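Below is one structure, written out as C-alpha coordinates; the observations come after it.
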Amino acid sequence: MNTRTRISIAVGIALVAGSMTIAPTLLARESSHAELARGEYLVKAGDCAACHTNEDGQPFAGGFPVPTPFGTIYSTNITPDPETGIGHWTSDDFYKAMHSGIAPGGRHLYPAFPYPWYTKLSRNDVDAIRAYLATLKPVHQANKPPEMPWPFSDRAVMAGWNALYFKEGTFQSNPQKSAQWNLGAYLVEGLGHCGACHSPKNFAGAPEHDKAYHGGYGENWYATSLASDLRDGLGQWSEQDIVQYLKTGANKRAAAFGAMAEVVHDSTQYLDDDDLHAIAVYLKDLPAKSTTPNANPPVDGTTTERATTTNAAPANVNGDRFARGRGHYLDQCAGCHMDNGEGIAGVFPPLKGNNVVQASDPETVVHIILTGAKTAVTDKNPTGLAMPAFDWKLDNQQVADLVTYLRNAWGNRAGAVDASKVADTRRTIVAARTK
(Lines give C-alpha, C1' and ligand atoms only; values in the text may rest on other atoms or scores of the structure.)
Protein backbone atom coordinates (compact mmCIF):
# COMPACT_ATOMS: atom_id res chain seq x y z
CA MET A 1 0.00 0.00 0.00
CA ASN A 2 2.73 2.38 -0.86
CA THR A 3 1.51 5.83 -1.86
CA ARG A 4 2.77 7.30 -5.11
CA THR A 5 5.70 9.61 -3.83
CA ARG A 6 3.98 10.89 -1.36
CA ILE A 7 3.66 13.10 1.71
CA SER A 8 1.65 10.12 3.14
CA ILE A 9 -0.75 10.72 5.77
CA ALA A 10 -3.58 8.96 7.39
CA VAL A 11 -5.94 7.84 10.10
CA GLY A 12 -7.33 8.38 13.51
CA ILE A 13 -7.24 6.21 16.57
CA ALA A 14 -10.56 4.44 17.01
CA LEU A 15 -11.90 1.94 19.45
CA VAL A 16 -14.05 -0.33 17.33
CA ALA A 17 -15.07 -3.96 17.44
CA GLY A 18 -12.69 -6.48 18.95
CA SER A 19 -10.47 -8.93 17.08
CA MET A 20 -12.31 -10.85 14.36
CA THR A 21 -11.51 -14.56 14.28
CA ILE A 22 -14.35 -15.89 12.12
CA ALA A 23 -13.91 -17.28 8.63
CA PRO A 24 -13.18 -14.68 5.92
CA THR A 25 -16.34 -15.54 3.99
CA LEU A 26 -18.40 -14.47 7.00
CA LEU A 27 -16.29 -11.48 7.93
CA ALA A 28 -18.20 -8.77 6.07
CA ARG A 29 -21.61 -10.10 7.16
CA GLU A 30 -20.65 -10.33 10.83
CA SER A 31 -18.87 -6.99 11.02
CA SER A 32 -20.79 -4.00 12.24
CA HIS A 33 -21.71 -1.11 10.00
CA ALA A 34 -19.50 1.16 12.09
CA GLU A 35 -16.49 -1.11 11.64
CA LEU A 36 -17.00 -1.33 7.88
CA ALA A 37 -17.31 2.45 7.62
CA ARG A 38 -14.19 2.81 9.71
CA GLY A 39 -12.35 0.31 7.52
CA GLU A 40 -13.32 2.17 4.35
CA TYR A 41 -12.02 5.39 5.88
CA LEU A 42 -8.73 3.77 6.85
CA VAL A 43 -8.28 2.23 3.40
CA LYS A 44 -8.73 5.64 1.80
CA ALA A 45 -6.50 7.26 4.37
CA GLY A 46 -3.74 4.76 3.66
CA ASP A 47 -4.13 5.26 -0.10
CA CYS A 48 -4.28 1.49 -0.55
CA ALA A 49 -6.01 1.67 -3.93
CA ALA A 50 -3.18 3.75 -5.42
CA CYS A 51 -0.64 0.95 -5.34
CA HIS A 52 -2.99 -2.02 -5.40
CA THR A 53 -4.73 -0.86 -8.58
CA ASN A 54 -2.84 -1.00 -11.85
CA GLU A 55 -3.52 1.54 -14.58
CA ASP A 56 -6.80 0.57 -16.27
CA GLY A 57 -7.01 -2.42 -13.91
CA GLN A 58 -9.68 -3.57 -11.49
CA PRO A 59 -9.68 -1.80 -8.10
CA PHE A 60 -7.45 -3.47 -5.51
CA ALA A 61 -6.55 -6.35 -7.88
CA GLY A 62 -2.83 -5.50 -7.81
CA GLY A 63 -0.30 -5.55 -10.63
CA PHE A 64 0.91 -1.98 -10.15
CA PRO A 65 4.70 -1.75 -10.74
CA VAL A 66 6.63 -0.27 -7.82
CA PRO A 67 10.18 0.72 -8.81
CA THR A 68 12.96 0.13 -6.27
CA PRO A 69 16.75 0.38 -6.53
CA PHE A 70 16.83 -3.42 -6.62
CA GLY A 71 14.23 -4.04 -9.31
CA THR A 72 10.49 -3.81 -9.84
CA ILE A 73 7.95 -5.21 -7.38
CA TYR A 74 4.31 -5.64 -8.39
CA SER A 75 1.57 -4.97 -5.88
CA THR A 76 -0.63 -7.90 -4.90
CA ASN A 77 -4.30 -8.65 -5.30
CA ILE A 78 -6.07 -7.71 -2.05
CA THR A 79 -9.62 -8.40 -3.19
CA PRO A 80 -11.39 -11.31 -1.42
CA ASP A 81 -10.84 -13.73 -4.29
CA PRO A 82 -9.96 -17.01 -2.52
CA GLU A 83 -7.41 -18.18 -5.11
CA THR A 84 -5.51 -15.08 -6.23
CA GLY A 85 -6.48 -12.56 -3.55
CA ILE A 86 -6.75 -12.64 0.23
CA GLY A 87 -10.14 -14.30 0.49
CA HIS A 88 -8.68 -17.32 2.28
CA TRP A 89 -6.75 -15.22 4.80
CA THR A 90 -7.95 -15.15 8.39
CA SER A 91 -7.91 -11.97 10.44
CA ASP A 92 -4.80 -13.27 12.18
CA ASP A 93 -3.14 -13.82 8.79
CA PHE A 94 -3.93 -10.27 7.76
CA TYR A 95 -2.72 -8.82 11.04
CA LYS A 96 0.56 -10.73 10.80
CA ALA A 97 1.16 -9.33 7.32
CA MET A 98 0.43 -5.78 8.46
CA HIS A 99 2.23 -6.05 11.79
CA SER A 100 5.17 -8.32 10.99
CA GLY A 101 5.51 -8.37 7.20
CA ILE A 102 4.82 -12.11 7.02
CA ALA A 103 2.19 -13.56 4.66
CA PRO A 104 0.46 -16.94 5.18
CA GLY A 105 2.89 -19.83 4.87
CA GLY A 106 5.71 -17.78 6.40
CA ARG A 107 6.43 -15.90 3.16
CA HIS A 108 8.31 -12.65 3.78
CA LEU A 109 6.90 -9.49 2.23
CA TYR A 110 9.09 -6.80 0.74
CA PRO A 111 9.02 -3.41 2.51
CA ALA A 112 7.66 -1.83 -0.67
CA PHE A 113 4.57 -2.93 1.23
CA PRO A 114 5.19 -0.57 4.15
CA TYR A 115 4.78 -2.94 7.07
CA PRO A 116 7.63 -1.11 8.89
CA TRP A 117 5.02 1.64 9.37
CA TYR A 118 1.86 -0.45 9.52
CA THR A 119 3.27 -2.35 12.47
CA LYS A 120 2.27 0.67 14.57
CA LEU A 121 -1.45 0.26 13.84
CA SER A 122 -3.78 -0.98 16.55
CA ARG A 123 -5.33 -4.42 16.14
CA ASN A 124 -8.77 -2.82 16.00
CA ASP A 125 -7.78 -0.62 13.07
CA VAL A 126 -6.20 -3.54 11.21
CA ASP A 127 -9.34 -5.63 11.75
CA ALA A 128 -11.49 -2.79 10.42
CA ILE A 129 -9.36 -2.58 7.27
CA ARG A 130 -9.66 -6.34 6.78
CA ALA A 131 -13.43 -6.22 7.32
CA TYR A 132 -13.86 -3.58 4.63
CA LEU A 133 -11.61 -5.36 2.11
CA ALA A 134 -13.77 -8.45 2.53
CA THR A 135 -16.74 -6.50 1.12
CA LEU A 136 -15.00 -5.73 -2.18
CA LYS A 137 -15.85 -7.47 -5.42
CA PRO A 138 -13.54 -10.50 -5.77
CA VAL A 139 -11.25 -10.26 -8.79
CA HIS A 140 -9.53 -13.37 -10.10
CA GLN A 141 -6.14 -11.99 -11.15
CA ALA A 142 -2.89 -13.80 -10.48
CA ASN A 143 -0.09 -11.88 -8.81
CA LYS A 144 3.01 -11.04 -10.82
CA PRO A 145 6.39 -12.14 -9.43
CA PRO A 146 8.94 -9.41 -8.74
CA GLU A 147 11.54 -8.60 -11.37
CA MET A 148 14.63 -8.63 -9.16
CA PRO A 149 18.02 -10.32 -9.54
CA TRP A 150 19.30 -12.86 -7.04
CA PRO A 151 19.71 -12.63 -4.06
CA PHE A 152 16.94 -10.02 -3.79
CA SER A 153 14.54 -12.35 -5.59
CA ASP A 154 14.83 -14.76 -2.64
CA ARG A 155 12.37 -13.56 -0.04
CA ALA A 156 14.35 -15.31 2.70
CA VAL A 157 16.80 -12.40 2.41
CA MET A 158 14.15 -10.26 4.06
CA ALA A 159 14.66 -12.11 7.35
CA GLY A 160 18.11 -10.56 7.57
CA TRP A 161 16.80 -7.16 6.48
CA ASN A 162 14.14 -7.28 9.18
CA ALA A 163 16.69 -8.21 11.82
CA LEU A 164 18.80 -5.19 10.91
CA TYR A 165 16.24 -2.53 10.08
CA PHE A 166 12.72 -3.48 11.20
CA LYS A 167 11.38 -2.73 14.68
CA GLU A 168 8.06 -4.47 15.21
CA GLY A 169 5.54 -2.96 17.61
CA THR A 170 2.35 -0.95 17.92
CA PHE A 171 2.38 2.78 18.46
CA GLN A 172 3.26 3.96 21.95
CA SER A 173 2.04 7.40 22.95
CA ASN A 174 4.37 10.03 24.35
CA PRO A 175 3.05 11.19 27.74
CA GLN A 176 5.05 14.41 27.41
CA LYS A 177 3.00 15.44 24.38
CA SER A 178 -0.65 16.38 23.90
CA ALA A 179 -3.37 13.98 22.81
CA GLN A 180 -3.56 15.84 19.48
CA TRP A 181 0.20 15.48 18.93
CA ASN A 182 0.01 11.77 19.68
CA LEU A 183 -2.87 11.35 17.26
CA GLY A 184 -0.82 13.13 14.59
CA ALA A 185 2.17 10.90 15.32
CA TYR A 186 -0.02 7.81 14.94
CA LEU A 187 -1.30 9.09 11.62
CA VAL A 188 2.03 10.12 10.12
CA GLU A 189 4.15 7.26 11.44
CA GLY A 190 1.53 4.54 10.95
CA LEU A 191 -0.89 4.06 8.08
CA GLY A 192 0.21 7.32 6.47
CA HIS A 193 3.79 5.94 6.21
CA CYS A 194 4.99 9.41 5.23
CA GLY A 195 8.59 8.48 6.05
CA ALA A 196 8.57 5.84 3.32
CA CYS A 197 9.06 8.62 0.78
CA HIS A 198 9.98 11.69 2.81
CA SER A 199 13.04 10.15 4.52
CA PRO A 200 16.42 9.30 2.98
CA LYS A 201 17.32 5.62 2.69
CA ASN A 202 20.55 3.73 3.17
CA PHE A 203 22.22 1.32 0.72
CA ALA A 204 19.78 -1.43 1.75
CA GLY A 205 16.70 0.68 1.11
CA ALA A 206 15.94 1.17 4.81
CA PRO A 207 14.97 4.64 6.06
CA GLU A 208 17.63 6.55 7.95
CA HIS A 209 15.79 7.17 11.20
CA ASP A 210 18.25 9.81 12.39
CA LYS A 211 17.24 11.85 9.30
CA ALA A 212 13.53 11.05 9.38
CA TYR A 213 11.39 13.34 7.22
CA HIS A 214 14.42 15.18 5.82
CA GLY A 215 13.40 14.34 2.25
CA GLY A 216 13.90 11.24 0.14
CA TYR A 217 12.97 9.34 -3.01
CA GLY A 218 9.79 7.47 -3.75
CA GLU A 219 8.85 6.01 -7.13
CA ASN A 220 11.15 8.24 -9.21
CA TRP A 221 10.15 11.45 -7.43
CA TYR A 222 11.96 13.39 -4.73
CA ALA A 223 9.69 13.87 -1.73
CA THR A 224 10.65 17.11 -0.04
CA SER A 225 11.57 17.61 3.59
CA LEU A 226 8.76 17.85 6.14
CA ALA A 227 11.07 19.30 8.79
CA SER A 228 10.91 22.88 10.07
CA ASP A 229 13.57 24.42 7.81
CA LEU A 230 12.36 27.68 6.30
CA ARG A 231 13.65 27.25 2.78
CA ASP A 232 13.26 23.57 1.92
CA GLY A 233 10.94 22.41 4.70
CA LEU A 234 7.64 23.42 6.30
CA GLY A 235 9.09 26.13 8.52
CA GLN A 236 7.12 28.88 6.79
CA TRP A 237 3.90 26.88 6.65
CA SER A 238 1.25 27.34 9.30
CA GLU A 239 -0.85 24.46 10.60
CA GLN A 240 -3.72 25.75 8.48
CA ASP A 241 -1.47 25.80 5.40
CA ILE A 242 -0.80 22.08 5.90
CA VAL A 243 -4.48 21.28 6.46
CA GLN A 244 -5.53 23.22 3.36
CA TYR A 245 -2.85 21.57 1.20
CA LEU A 246 -3.86 18.06 2.24
CA LYS A 247 -7.58 18.78 1.90
CA THR A 248 -7.61 20.70 -1.39
CA GLY A 249 -4.21 20.10 -3.01
CA ALA A 250 -3.14 23.74 -2.85
CA ASN A 251 -2.52 26.65 -0.52
CA LYS A 252 -0.97 30.09 -0.79
CA ARG A 253 2.53 28.59 -0.78
CA ALA A 254 2.34 25.56 -3.05
CA ALA A 255 0.24 23.19 -5.12
CA ALA A 256 0.41 19.41 -5.21
CA PHE A 257 1.83 18.02 -8.46
CA GLY A 258 2.88 14.60 -9.65
CA ALA A 259 2.86 11.81 -7.08
CA MET A 260 1.68 14.09 -4.29
CA ALA A 261 -1.30 15.21 -6.36
CA GLU A 262 -2.36 11.57 -6.52
CA VAL A 263 -1.99 11.21 -2.76
CA VAL A 264 -4.24 14.22 -2.17
CA HIS A 265 -6.77 13.09 -4.79
CA ASP A 266 -6.97 9.47 -3.64
CA SER A 267 -6.36 9.84 0.08
CA THR A 268 -5.86 12.94 2.17
CA GLN A 269 -8.83 14.92 0.87
CA TYR A 270 -11.05 12.32 2.59
CA LEU A 271 -9.56 12.80 6.06
CA ASP A 272 -11.68 14.65 8.58
CA ASP A 273 -10.57 17.99 9.98
CA ASP A 274 -9.56 16.61 13.37
CA ASP A 275 -7.16 14.14 11.76
CA LEU A 276 -5.73 16.76 9.41
CA HIS A 277 -5.13 19.21 12.25
CA ALA A 278 -3.47 16.48 14.30
CA ILE A 279 -1.15 15.74 11.37
CA ALA A 280 -0.30 19.44 11.10
CA VAL A 281 0.47 19.69 14.82
CA TYR A 282 2.84 16.75 14.62
CA LEU A 283 4.59 17.94 11.46
CA LYS A 284 5.07 21.45 12.82
CA ASP A 285 6.85 19.95 15.82
CA LEU A 286 9.48 18.19 13.70
CA PRO A 287 12.88 19.85 14.30
CA ALA A 288 14.76 21.57 11.49
CA LYS A 289 17.34 19.38 9.79
CA SER A 290 19.90 22.19 9.67
CA THR A 291 21.45 24.01 12.62
CA THR A 292 23.53 26.31 10.40
CA PRO A 293 22.58 29.95 11.20
CA ASN A 294 22.40 31.02 7.54
CA ALA A 295 20.48 27.95 6.38
CA ASN A 296 17.12 29.42 7.28
CA PRO A 297 17.09 33.16 6.47
CA PRO A 298 13.70 34.79 5.88
CA VAL A 299 12.14 34.28 2.47
CA ASP A 300 8.95 36.25 3.04
CA GLY A 301 9.95 39.21 0.90
CA THR A 302 10.77 41.52 3.81
CA THR A 303 14.52 41.51 3.13
CA THR A 304 16.33 43.21 0.28
CA GLU A 305 17.94 40.78 -2.13
CA ARG A 306 20.22 41.97 -4.91
CA ALA A 307 18.73 39.44 -7.32
CA THR A 308 15.24 40.77 -6.66
CA THR A 309 15.99 44.41 -7.35
CA THR A 310 18.67 44.23 -10.05
CA ASN A 311 18.06 40.85 -11.75
CA ALA A 312 21.68 40.06 -11.00
CA ALA A 313 22.91 36.67 -9.91
CA PRO A 314 23.64 36.02 -6.23
CA ALA A 315 27.26 35.43 -5.35
CA ASN A 316 26.94 31.63 -5.44
CA VAL A 317 25.61 31.43 -9.03
CA ASN A 318 27.36 32.05 -12.34
CA GLY A 319 26.08 35.31 -13.78
CA ASP A 320 25.78 34.09 -17.36
CA ARG A 321 23.82 31.03 -16.32
CA PHE A 322 21.54 33.15 -14.16
CA ALA A 323 20.87 35.53 -17.05
CA ARG A 324 20.15 32.67 -19.46
CA GLY A 325 17.83 31.07 -16.93
CA ARG A 326 15.98 34.33 -16.44
CA GLY A 327 15.50 34.60 -20.19
CA HIS A 328 13.99 31.12 -20.33
CA TYR A 329 11.75 31.99 -17.40
CA LEU A 330 10.43 35.16 -19.03
CA ASP A 331 9.82 33.29 -22.30
CA GLN A 332 8.23 30.13 -20.92
CA CYS A 333 7.01 30.64 -17.36
CA ALA A 334 6.29 34.26 -16.45
CA GLY A 335 2.94 34.30 -18.22
CA CYS A 336 1.52 32.10 -15.45
CA HIS A 337 3.92 32.49 -12.55
CA MET A 338 4.46 36.27 -13.07
CA ASP A 339 7.71 38.20 -13.39
CA ASN A 340 8.01 38.40 -9.61
CA GLY A 341 7.56 34.63 -9.16
CA GLU A 342 4.48 35.11 -6.98
CA GLY A 343 2.04 33.36 -9.33
CA ILE A 344 -1.69 34.03 -9.11
CA ALA A 345 -3.37 33.17 -5.83
CA GLY A 346 -5.58 30.12 -6.11
CA VAL A 347 -4.60 29.52 -9.73
CA PHE A 348 -0.84 29.30 -10.40
CA PRO A 349 1.39 28.49 -7.41
CA PRO A 350 4.17 30.85 -6.36
CA LEU A 351 7.77 29.93 -7.09
CA LYS A 352 9.11 32.62 -4.77
CA GLY A 353 9.74 31.04 -1.37
CA ASN A 354 8.56 27.64 -2.66
CA ASN A 355 10.07 24.80 -0.62
CA VAL A 356 9.95 22.36 -3.57
CA VAL A 357 11.91 24.78 -5.75
CA GLN A 358 14.49 25.22 -2.97
CA ALA A 359 14.69 21.54 -1.97
CA SER A 360 18.14 20.12 -1.31
CA ASP A 361 17.58 17.84 -4.30
CA PRO A 362 16.08 19.60 -7.37
CA GLU A 363 14.70 16.35 -8.81
CA THR A 364 11.02 17.20 -8.47
CA VAL A 365 11.15 20.64 -10.08
CA VAL A 366 13.27 19.24 -12.94
CA HIS A 367 10.78 16.38 -13.32
CA ILE A 368 7.81 18.75 -13.48
CA ILE A 369 9.44 21.02 -16.08
CA LEU A 370 10.28 18.04 -18.29
CA THR A 371 7.00 16.14 -18.07
CA GLY A 372 4.50 18.79 -17.12
CA ALA A 373 2.03 18.15 -14.35
CA LYS A 374 -1.55 18.53 -13.23
CA THR A 375 -2.67 19.83 -9.88
CA ALA A 376 -4.71 17.61 -7.62
CA VAL A 377 -8.41 17.31 -8.40
CA THR A 378 -10.44 17.37 -5.20
CA ASP A 379 -13.99 18.10 -4.11
CA LYS A 380 -12.82 21.45 -2.75
CA ASN A 381 -10.67 22.25 -5.79
CA PRO A 382 -12.19 20.48 -8.82
CA THR A 383 -10.44 22.42 -11.60
CA GLY A 384 -7.17 20.50 -11.81
CA LEU A 385 -5.07 22.99 -13.78
CA ALA A 386 -2.32 21.54 -15.96
CA MET A 387 1.22 22.69 -16.74
CA PRO A 388 2.63 21.70 -20.16
CA ALA A 389 5.74 19.60 -20.64
CA PHE A 390 8.94 21.25 -21.86
CA ASP A 391 11.03 18.15 -22.53
CA TRP A 392 10.55 18.63 -26.28
CA LYS A 393 11.28 22.34 -26.19
CA LEU A 394 14.23 22.84 -23.82
CA ASP A 395 17.47 20.89 -23.88
CA ASN A 396 19.30 19.70 -20.78
CA GLN A 397 21.42 22.83 -20.40
CA GLN A 398 18.45 25.14 -20.87
CA VAL A 399 16.45 23.29 -18.22
CA ALA A 400 19.45 23.36 -15.88
CA ASP A 401 19.83 27.12 -16.33
CA LEU A 402 16.11 27.67 -15.81
CA VAL A 403 16.01 25.62 -12.61
CA THR A 404 19.15 27.32 -11.31
CA TYR A 405 17.43 30.67 -11.86
CA LEU A 406 14.25 29.55 -10.09
CA ARG A 407 16.27 28.35 -7.10
CA ASN A 408 18.06 31.69 -6.73
CA ALA A 409 15.66 34.42 -7.87
CA TRP A 410 13.33 36.54 -5.70
CA GLY A 411 15.28 35.74 -2.53
CA ASN A 412 15.29 31.97 -3.09
CA ARG A 413 18.58 30.28 -2.26
CA ALA A 414 19.61 26.79 -3.34
CA GLY A 415 22.38 25.07 -5.24
CA ALA A 416 22.91 25.37 -8.98
CA VAL A 417 21.80 22.51 -11.23
CA ASP A 418 24.01 20.82 -13.84
CA ALA A 419 22.89 19.61 -17.25
CA SER A 420 23.98 16.10 -16.21
CA LYS A 421 21.33 16.13 -13.48
CA VAL A 422 18.66 16.94 -16.06
CA ALA A 423 19.96 14.19 -18.34
CA ASP A 424 19.73 11.66 -15.50
CA THR A 425 16.14 12.68 -14.80
CA ARG A 426 15.24 12.34 -18.48
CA ARG A 427 16.60 8.79 -18.52
CA THR A 428 14.67 7.89 -15.37
CA ILE A 429 11.43 9.24 -16.87
CA VAL A 430 11.94 7.34 -20.14
CA ALA A 431 12.72 4.11 -18.26
CA ALA A 432 9.58 4.47 -16.14
CA ARG A 433 7.43 5.00 -19.24
CA THR A 434 8.66 1.79 -20.81
CA LYS A 435 7.64 -0.36 -17.80
Shape box of the chain [Cα atoms, principal axes, largest first, Å]: 72, 46, 42
Area of W410 that stays accessible when all protein chains are in place (1.4 Å probe, Å², to 10): 20 Å²
Taking all pairs of distinct alpha-carbon atoms in segment 9-165, Kirkwood radius in angstrom: 16.0 Å
Surface share of carbon and sulfur [accessible, 1.4 angstrom probe, percent] for segment 319-434: 54 percent
Distance from segment 104-168 to segment 311-355 (C-alpha centre basis), Å: 44 Å
Top of Y165, Y118, Y405 by mean-square fluctuation, Gaussian network on the chain, Cα under 10 Å: Y165
Positive-end extreme of charge dipole, the chain - chosen from G215, A34, T79 (charges on Cβ): G215
Segment 386-419-segment 224-277 distance, computed between alpha-carbon centres (Å): 24 Å
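Rolling a 1.4 angstrom probe over the protein heavy atoms, how many square angstrom per residue are accessible across the chain?
Working: 18880 Å² over 435 residues.
That works out to 43 Å² per residue.
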Electrostatic dipole magnitude of the chain [Cβ: Lys, Arg +1; Asp, Glu -1; Cα centre; debye, to 20]: 540 debye
Given charges at beta-carbon only (K, R positive; D, E negative), |dipole| of segment 179-284 in Debye: 320 debye
Length added when fully stretched, A37-Q180, from 0.36 nm per residue minus Cα-Cα: 49.2 nm
Carbon + sulfur, % of accessible area of segment 120-216 - ligands and nucleic acids excluded, 1.4 Å: 57 percent
Farthest toward positive dipole pole in segment 110-200 [+1 Lys/Arg, -1 Asp/Glu at C-beta], among V157, G169, A112: G169
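The values are calculated or read from the model by the stated rules, or taken from the named source; none is laboratory data. Every value quoted in this text rests on a predicted model; they were computed, and no experiment measured them. Don't worry about glycine lacking a Cβ; one is built from the backbone with ideal geometry, like all the others, and counts go over all protein chains shown. Keep in mind that these areas ignore ligands, DNA and RNA; they rest on the heavy atoms of the full protein, side chains included. Shrake-Rupley method; radii C 1.70, N 1.55, O 1.52, S 1.80 Å.
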